[in-house]
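Undergrad: Have a look at this one.
The values are calculated or read from the model by the stated rules, or taken from the named source; none is laboratory data. Since the structure is predicted, the reported quantities are computational estimates derived from the model, not experimental observations. With ideal geometry, Cβ positions are generated from the backbone for all residues, glycine too; neighbour counts draw on all protein chains shown. The accessibility values were calculated without ligands, DNA or RNA, using every heavy atom of the protein model including side chains. Shrake-Rupley method; radii C 1.70, N 1.55, O 1.52, S 1.80 Å.
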Amino acid sequence: MDRERLLAAAPLVAAALWGGMYVVSKWGFDAVPPLTLAFLRVALGAATLYAVVRASTPARSFSRAEWRRFAALAVFVTGALTTQFVGTDLTNASQGSLLTVSTPLFVLALGVGVLDERLTARKAGGAALAAVGALVVLAGQYDLAALADGALLGVGLLLASALCFAAFTVYAKPLVRRYSALETATYATVLSVPLFGAFVPFEYALSPGAFATVPLTLPVLGAVVYLGVFSTALAWYCWYKGMEYADASTVAVFFFAQPVVGVLLGVAFLGEGLSPGFLLGAVLLAAGTLLVNTE
């Protein structure tokens with residue numbers, strides 16, 4: 001039971017890796033055009049996952065219906081990342097960070113509506129407590145007065161991104177339980193590569209100058225490797241691994257840890273300061289997560 005509970009908490013590793021993207025972005029991956037960066041990230045992640053699957057899992061054949069399910073996951077994650085990149089460009093840091101917190105709420109709703117998961121009072125209360133904690137942390141780091149700035153289209157795209165990632169989470173559950181987190185993450189990622197690749201020519205046509213000045217520096221290459229190997233291959237595997245042992249609605253709560261990890265890494269590596277409310281927010285988030293995962 002202890003081992004299963006530990007593995008059910010694997011999504012916490014994913015949230016930590018996604019929180020690390022905040023520091024990595026400061027080290028230079030903004031130099032790459034956003035949709036091209038998404039393609040490089042997913043292509044490297046797919047190659048990493050596929051190599052691990054081939055080395056550790058016996059060859060398996062899937063039915064057409066199962067391939068369609070993997071393809072649906074690929075569409076969801078492509079929609080999530082592309083709308084996130086474009087939405088972030090049209091909004092500001094305050095809006096982007098706060099809207100990201102909506103992702104677990106979409107997962108909770110889809111988990112109940114699609115998977116018939118039970119949303120108990122304890123789970124709902126824990127999720128609400130964790131959400132409040134994450135919002136307290138973010139409110140101390142960003143200017144809430146800036147929430148009214150930015151384009152309404154950008155806000156809509158960020159909400160669409162959260163919904164797409166929630167679908168990427170929930171609709172994977174049957175495949176994760178039938179096969180494994182590793183295989184599901186691998187084939188969904190592999191099938192998403194050509195979808196992301198299709199956006200690169202359009203991005204080049206719209207802004208060819210952005211490609212002419214991409215610096216192949218060590219920070220940029222390191223950022224791409226981090227995004228591909230860690231925040232994609234490892235993080236998506238850990239995210240799905242939790243669903244081998246827990247409901248999607250339980251896994252969703254770990255997503256709230258992402259901004260907390262981002263803030264802590266910003267303090268550790270970028271010399272940023274902590275807001276007075278950070279400790280309170282972190283305690284609330286931890287308490288909410290504990291409530292959900294000890295039900």
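Undergrad: Using DSSP H assignments, which helices in the chain have an axial alpha-carbon span of 20 Å or above and a mean Kyte-Doolittle hydropathy of 0.0 or higher?
TA: 11-26, 34-56, 64-90, 121-141, 152-170, 181-197, 278-293
Undergrad: If amide hydrogens are placed 1.01 Å from N in the peptide plane, which non-local residues have theirs closer than 5 Å to the one on L119?
TA: Hits under the 5 Å cutoff: none.
Undergrad: So with the 1.4 Å probe, I'd like the accessible area per residue for region 1-143, rounded to whole Å².
TA: Accessible area per residue, region 1-143: 48 Å².
Undergrad: Can you tell me, using C-alpha contacts under 8 Å and at least 6 residues apart, the relative contact order of the chain as a whole percent?
TA: 45 percent
Undergrad: I've got another one for you. Counting only protein chains, not ligands or nucleic acids, how are C238, C164 ordered by accessible area (probe 1.4 Å), most first?
TA: Ranked list, largest accessible area first: C164, C238.
Undergrad: Here's something else I'd like to know. With 20 Å as the cut-off, how large is the P(r) tail for region 1-62, expressed as percent of Cα-Cα pairs?
TA: 53 percent
Undergrad: Quick one: among V261, V101, V114, which has the greatest mean-square fluctuation in a GNM of the chain with alpha-carbon springs under 10 angstrom?
TA: Looking only at V261, V101, V114, the biggest GNM fluctuation is shown by V114.
Undergrad: Can I ask one more? Work from the charge dipole of the chain (Cβ charges, +1 for Lys and Arg, -1 for Asp and Glu, about the Cα centre) and give the residue of G45, V137, Q258 farthest towards its positive end.
TA: The one lying farthest along the dipole's positive direction is G45.
Undergrad: Moving on. Share of region 178-295's accessible area from carbon and sulfur, percent, 1.4 Å?
TA: Answer for region 178-295: carbon and sulfur cover 76 percent of the accessible area.
Undergrad: Calculate the length of the line joining the C-alpha centroid of region 1-50 to that of region 221-257, in whole Å.
TA: About 7 Å separates the Cα centre of region 1-50 from the one of region 221-257.
Undergrad: Right, here's the next one. Who wins for biggest fluctuation among L216, L163, L108 in a Gaussian network model of the chain, springs between alpha carbons below 10 Å?
TA: Evaluated over the chain, the most mobile residue of the options is L216.
Undergrad: A further question follows. What residues from region 203-246 fall in the zone where the backbone N is under 15 Å from a label point 7 Å along the Cα-to-C-beta line of R3?
TA: Residues 245 qualify, since their backbone N sits under 15 Å from the label point.
Undergrad: Convex hull over the Cα atoms of region 63-198, averaged projected area in nm²?
TA: One quarter of the hull surface, i.e. the mean projection, equals 9.5 nm².
Undergrad: Does region 149-200 classify as rounded, prolate or oblate by the C-alpha gyration tensor (a ≥ b ≥ c root eigenvalues; a/c under 1.5 gives rounded; else a/b over b/c gives prolate, otherwise oblate)?
TA: It is oblate, given that a/c is not under 1.5 and a/b is not larger than b/c.
Undergrad: Residue separation times 0.36 nm, minus the C-alpha to C-alpha distance between D89 and S63: what's the value?
TA: 5.4 nm
Undergrad: Sort all Cα-Cα distances of the chain into consecutive 10 angstrom bins from zero, then give the percent of pairs in each bin up to the one containing the longest distance.
TA: Histogram of Cα-Cα distances, whole percents per bin: 7, 27, 37, 23, 6, 0.
Undergrad: Out of the total accessible area of region 1-117 (probe 1.4 Å, heavy atoms of protein only), what percent is carbon and sulfur?
TA: Of the solvent-accessible surface of region 1-117, carbon and sulfur hold 64 percent.
Undergrad: Considering only Y179, Y142, Y245, give the residue with the highest GNM mean-square fluctuation for the chain, with springs between Cα atoms whenever their separation is below 10 Å.
TA: Of Y179, Y142, Y245, the Gaussian network model singles out Y179 as fluctuating most.
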